[in-house]
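Q: Structure below; questions to follow.
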Protein chains: 2
Amino acid sequence: MRRRLSSGEGDLTDKHQTDGKARPRTQAERSRQMRERIITAFISCIEKYGLAETSVSQITKEAGITRGAYLHHFKAKHLIYKDAALRLVSDSFRKVSNIPVHPDGPAADLKQVLHCIWEDVVISPEGRAFSELMQAARTDELVAQYMRRPALRALRIFGYVAKRRFPFRAGSKMKTNDFLRMTQWTLRGMAADTALVYQADFFHRQIDLLVDDIADELETGAPI
Amino acid sequence: MRRRLSSGEGDLTDKHQTDGKARPRTQAERSRQMRERIITAFISCIEKYGLAETSVSQITKEAGITRGAYLHHFKAKHLIYKDAALRLVSDSFRKVSNIPVHPDGPAADLKQVLHCIWEDVVISPEGRAFSELMQAARTDELVAQYMRRPALRALRIFGYVAKRRFPFRAGSKMKTNDFLRMTQWTLRGMAADTALVYQADFFHRQIDLLVDDIADELETGAPI
DNA sequence: AATTACAGTATGACCATACTGTTTTTTCCT
DNA sequence: AGGAAAAAACAGTATGGTCATACTGTAATT
């Protein structure tokens with residue numbers, strides 16, 4: 001149920017005198033906060049309404065500002081896509097980095113990691129927003145340019161966390177890499193069906209099956 | 001390289017006298033052909049430009065007609081979604097039904113089926129169009145209503161073809177079903193990355209790896 | 001320390017454009 | 001001739017981007 005992004009929120013009033021202590025803000029800082037605020041609103045909008053239905057008016061309404069402010073910080077509507085994508089990927093990496101290690105060994109830990117990635121990355125609001133951008137990139141060359149690097153980074157998320165906490169069988173490194181990437185693809189394919197087809201717990205059961213399959217690749221040693 | 005849909009194309013002139021033989025067409029038949037023609041144009045548009053950029057004007061331009069004709073056959077723009085989705089699913093089923101059986105036994109056949117589903121269904125123009133509708137369904141309740149049944153049917157495609165031509169190990173039926181469904185999810189997840197991340201042959205190699213994994217579930221018996 | 005000049009930031013009105021859906025008119029087929 | 005199909009004209013609305021204007025913070029000058 002975590003919904004709020006951590007950055008770019010908080011007290012956004014311009015006045016110094018709103019609270020007792022003087023809190024000087026440089027123009028640069030003021031500008032940066034506004035950009036973050038707009039990006040947050042943008043991500044929230046494409047998650048809720050889809051990229052197609054996200055107009056500048058929608059974004060500014062969500063952010064509580066006027067259209068002029070948006071177009072001051074982003075000379076054209078689409079110039080926000082890149083910043084948004086980068087933030088989404090960064091957030092994802094941070095999330096998987098913070099998944100606690102399960103005490104019952106690699107197998108249990110892997111299971112936990114998969115469920116966490118599913119919940120907190122793939123089908124999270126941020127994950128949904130990311131998939132909106134990915135879909136748009138298919139037919140919009142401009143979006144595609146912005147998404148190429150974020151898309152590559154996103155695909156490495158699972159390998160990133162797996163390599164540093166799971167002892168994989170030696171000698172099968174290449175195959176393991178492919179396997180992890182495919183697991184991620186599976187989760188994303190599942191995500192596309194969550195809105196329409198099955199119940200939420202169904203997908204968790206499917207993930208359990210997936211884990212049983214991958215677990216064979218793990219050494220049976222102690223946790224790291 | 002097959003691009004053209006099979007239905008709804010061909011000679012679409014209204015005149016009888018264009019060729020020698022009289023070819024009487026009832027009003028109903030005339031109307032039906034126009035609908036098919038519009039649906040074809042619609043699918044082509046969302047594949048090329050994405051659903052968001054597909055206006056009625058785009059569709060009618062693609063079909064070579066005027067907006068009036070479209071709105072005569074579909075009282076509102078969105079009323080075409082349902083017909084389009086059903087046709088896409090039907091086409092997919094027909095395609096997988098027509099995949100020839102490989103002579104070298106179940107393992108080779110499975111590999112061929114997977115590659116065919118990848119090429120002719122998942123990343124085909126029709127598959128792309130379908131994924132556009134699926135993505136739109138996430139945030140548009142109207143589209144979601146239209147897509148619910150087609151989405152379920154689409155998910156059964158792989159099981160449909162698998163059950164009638166592959167001898168799976170007895171006793172593991174449930175697990176096999178899940179496995180097939182997950183394979184399909186994997187392919188769809190891969191598809192989302194084709195536009196941005198890797199080269200085409202990369203995905204075929206990944207599919208080969210996938211087949212090797214699934215092949216363990218197959219009996220080593222002769223082809224059906 | 002107070003005033004003034006200046007640059008960055010935000011606003012709301014404006015415009016051209018494109019879209020959907022309705023209505024009216026014309027064309028075509030049986 | 002009569003009715004369905006297609007085209008064309010129309011109205012209403014929303015969008016993206018520009019612009020003149022006002023506001024806020026920073027630096028220079030008195």
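Q: Over the Cα atoms, compute the radius of gyration (one decimal) and Dmax (the largest Cα-Cα distance, rounded to a whole number) for the stretch A:72-199, in Å.
A: 16.1, 55
Q: Ordered shortest first, which distances in nm separate the 7 Å Cα→C-beta label point of B:E29 from those of the other copies?
A: 7.9
Q: Give me the base-10 log of I(q)/I(0) for the stretch A:113-169 at each q in 0.15, 0.22, 0.31 Å⁻¹, Debye formula, one uniform scatterer per Cα, rounded to two decimals.
A: Cα-only, vacuum Debye calculation for the stretch A:113-169: -0.52, -0.89, -1.20.
Q: One decimal, nm, shortest first: give the distances between the label point of A:Q112 and those of the same position in the other copies, each label point 7 Å from Cα along Cα→Cβ.
A: 4.8
Q: Moving on. Compute the label-point distances linking A:H72 to its equivalents in the other copies; points lie 7 Å from Cα along Cα→Cβ; give nm, one decimal, shortest first.
A: 5.3
Q: Which order do the peptides A:196-205, A:83-92, B:91-100 come out in when sorted by mean C-beta neighbours inside 10 angstrom, highest first?
A: Numbers: A:196-205: 13.6, A:83-92: 20.3, B:91-100: 15.5.
Ranked from most to least packed, the peptides come out as A:83-92, B:91-100, A:196-205.
Q: How big is Rg to Rh over the stretch B:81-139, alpha-carbon atoms, Rh as the Kirkwood inverse-mean-distance radius?
A: Numbers: Rg = 13.6 Å, Rh = 12.4 Å.
Using Cα coordinates only, the ratio equals 1.09.
Q: Do the alpha carbons of any pairs in A:K77/B:K61; B:K77/B:K111; A:K77/B:K77; A:K82/B:K48; B:K48/B:K175; B:K61/B:K82 sit beyond 30 Å of each other, and which pairs? Intermediate results must be reported in sequence, preceding the final value.
A: Numbers: A:K77/B:K61 27 Å; B:K77/B:K111 41 Å; A:K77/B:K77 26 Å; A:K82/B:K48 23 Å; B:K48/B:K175 38 Å; B:K61/B:K82 21 Å.
Result: B:K77/B:K111; B:K48/B:K175 exceed 30 Å.
Q: Residues of B:198-208, mean number of Cβ from any other protein chain within 10 Å of their own Cβ, rounded to a whole number? Please list the in-between numbers first.
A: On the way: counts 2, 0, 0, 0, 0, 1, 0, 1, 4, 1, 0.
Average neighbour count from other chains, rounded to a whole number: 1.
Q: Given bins 5 angstrom wide, list per bin the percent of all Cα-Cα distances in the stretch B:28-92, short to long.
A: With a bin width of 5 Å, the distribution comes to 3, 18, 32, 28, 14, 4, 0.
Bear in mind that the values in this text are calculations on the coordinates, not laboratory data. Note that the coordinates shown come from a computational prediction; the quantities given were computed from them, not determined experimentally. Please note: Cβ atoms are built from the backbone with ideal geometry, for glycine as well, and neighbour counts cover all protein chains shown.
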